[in-house]
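No lab work stands behind these numbers, since they all come straight from the coordinates. Given the structure is predicted, the values throughout are model-derived calculations rather than measurements. Backbone-built Cβ (ideal geometry, glycine too); neighbour counts: all protein chains shown.
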Amino acid sequence: QVQVVESGGGSVQTGGSLRLSCAASGDTYGNYYMAWFRQDPGKEREGVAALATRGGATYYADSVKGRFTISQDNAKRTVYLQMNSLKPQDTAMYYCAAGEARGWPLTRYQYKYWGQGTQVTVSS
């Protein structure tokens with residue numbers, strides 16, 4: 001059983017930056033994928049970035065590669081998403097997810113533990 005809680009969302013102007021945090025608790029031993037997904041009303045949930053907690057391999061959606069960076073702290077229980085050069089199309093509810101490191105890391109069906117989301121709004 002794993003719990004994840006997101007924070008750090010907010011409203012910024014185009015070109016601004018935000019850093020999202022995802023704190024994990026519970027049984028997170030072993031190799032997990034920690035990932036960020038986002039969903040805007042009327043759109044399907046999209047995998048943004050993921051990280052394998054053991055080894056630190058990272059994965060990014062093409063739409064954010066070069067602008068977003070996913071990282072973890074030394075204890076491997078908190079994951080961050082640094083978002084730079086934000087665009088209006090980045091506006092969405094951002095969800096942190098955790099799951100066993102099996103399968104494709106940016107596929108939502110891989111994950112069984114989800115946070116409640118944090119809203120990111122980017123204005124022109």
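Before moving on, here are some points about what is shown:
- Projected onto their three principal axes, the Cα atoms of the chain cover extents of 42, 30, 24 Å, largest first.
- Histogram of C-alpha separations across segment 42-85, 5 Å bin width, %: 5, 22, 28, 21, 15, 6, 2, 0
- Simple label model, 7 Å out from Cα along Cβ direction - Gln116 to Ala57, nm: 3.4 nm
- With Cα atoms defining each centre, segment 1-59 and segment 81-111 are spaced 5 Å apart in the structure.
- Gaussian network model of the chain, Cα within-10 Å springs - most flexible of Gly16, Gly99, Gly26: Gly26
- Length-normalised contact order for segment 30-124 - Cα pairs under 8 Å, 6+ apart - percent: 31 percent
- Inter-label distance, Arg67 to Asn84: 1.3 nm, where each label sits 7 Å from its Cα along the C-beta direction.
- Projected onto planes of every orientation and averaged, the convex hull of the alpha-carbon atoms in segment 63-124 covers 5.1 nm².
- GNM flexibility winner over the chain from Ser21, Ser71, Ser85 (Cα, springs under 10 Å): Ser85
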